[in-house]
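Report on the structure given below.
Readers should treat all values here as calculations from the given coordinates under stated rules, not as data from a laboratory. What you see is a predicted model; the values in this text were computed from it and never measured. Neighbour counts run over all protein chains shown; Cβ positions are idealised from the backbone, glycine included.
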């Protein structure tokens, strides 16, 4: 199976999905490790080289039918069936007879050059390149001048292999680095969100589940990339069930990523537009959508793949069955974008009517999710339009960054850039320092009581503390003021009792970015 | 193991004979050699199988592989290039006799036809939309439960 990292399918549908790229680039890494590679001499490209290669690699020739050999045999069988069933040549003039050239089937051709796409038997063959066979005007196929044998030109299939191997290896390392960084940053974010009890609320619970989903995705992806790079060396373990289970698991975690982002969007939508003053929502359905539902596309994919396209380790991306996974993911992204745009629309229209403080607070809540959705989705949008040539490599580079560093981006946008989390961390830090008897920031331990951030303290008290304490970052000041103002507005409006007031305040507290 | 040894011995004999006859014996000698040697064995092997199994790829792939290998080795021994026009005609004969009823596709990995692929893709998408609507509706409904 050829890696589709360069993705040049002239004349075939652009099945270009990042996940498959990352999987398929591991195939090219395996190529570098040198399994089932054809090394024909320059002038003669026929079956014998595949056979010789197989004979070199296996001690007992009759025992092992290699993957390439089996594919070539099947192609030969179907070629002769096609030859006996195709109608005879109906046009006038000379033509070259239908034939099997050892690797591919050629039908009756008029004089000229017949073309087909390169086969996928060998890992160094690019199925985006073309095979040509010349038919002479006298009705004979082209004979190679040196060996005087009928010859098809397969040289284009592997002309760029060395370059592509280099690119694939570097992209592989980029993928592994991206996922490792994502895992580290997401674990740190999880620790921050779990440890700082003051931040606990429903939205943070959803964030924690999203982070967990991304961590699982990164772990499984790294495992799968490593396994698939190794498994190509060993042709006898072609039906390894554990590798297929890992492939299905990769699809599950990838889907659950996007569905957790959808849960975040739905939660914000419900919070801001649909049920503004509701008691806390039931998170049960969100958990179902985020963890439970992705089982459906993943298992459907596993069944379909097992029944209809059961290749080694389910690694080949050259099939439309991948849309079983990518269809729901794209639907989730589009629906999410729709929800978020709806929120923006409502907030903007509200801005025009009322004062901006509430809307600003909500807007900040939405901002993070709105930044993330395009970042997650951009790979699906840009993927089909890969430019050719050298720019294509740059394109691959950026696409890989977008896809493999997603966890890191989520951690940064949802946690490290979250001003709530930053403020809470700073308070915690000052608490620790004062607890150890140090006096940083020129304060006496007595004033640290302002930052005794119990969860059941009054929101108004803590807002006042915000106003008194000089904000460490200048940019958080306006937000603090607006938040305090809005909380006081909520308190004064008398919409609900103290319970409702605290909830409204809680909501605004923790939804500020 | 014994048959393999016999095979190789017979082959060397034929190769030696043909080498004496002609250096570029890609004409009738080659045709004769593959029919006498390769086809005979293939006929015997196929007779051992039930006729209904002739179209089963799993059952016949080994025999087909042996046949192909045999024609290849004979070609090498006769200094012919492989494949050639004789090989084409030989296999056309074999296929006309044994495999003319077999399905034209299904041995190579290919996507299923659209009538199968379509539902596989469309159903998860529809279920996704349904689940999303369900979750939105449930979270909306909790407004009533205060």
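How high is the relative contact order of region A:72-153? Use alpha-carbon pairs under 8 Å, at least six apart in sequence, and give a whole percent. Taking the mean separation of contacting Cα pairs over the length of region A:72-153, I get 24 percent. Averaged over the residues of peptide B:106-115, the number of Cβ atoms from other protein chains lying within 10 Å of each residue's Cβ is 5. Computed across region A:72-153, the Kirkwood hydrodynamic radius from all distinct Cα-Cα pairs reaches 13.6 Å. For peptide B:82-94, the mean count of partner chain Cβ atoms within 10 Å of a residue's Cβ comes to 4.
Taken residue by residue and averaged, Cβ atoms of other chains lying within 10 Å of the Cβ of B:51-58 number 1.
Taking max minus min of the alpha-carbon positions on each principal axis, region A:160-431 gives extents of 67, 41, 38 Å, largest first.
The value of relative contact order for region A:160-431, using C-alpha pairs under 8 Å at least six residues apart, is 30 percent. What separates the Cα centres of region A:262-331 and region A:211-227 is a distance of 17 Å. Taking the average, over residues, of other Cβ atoms within 10 Å as the packing measure, peptides B:26-35, B:81-90 rank B:81-90, B:26-35 from highest down. Ranked from largest, the principal axis spans of the Cα set of region A:108-156 equal 35, 24, 14 Å.
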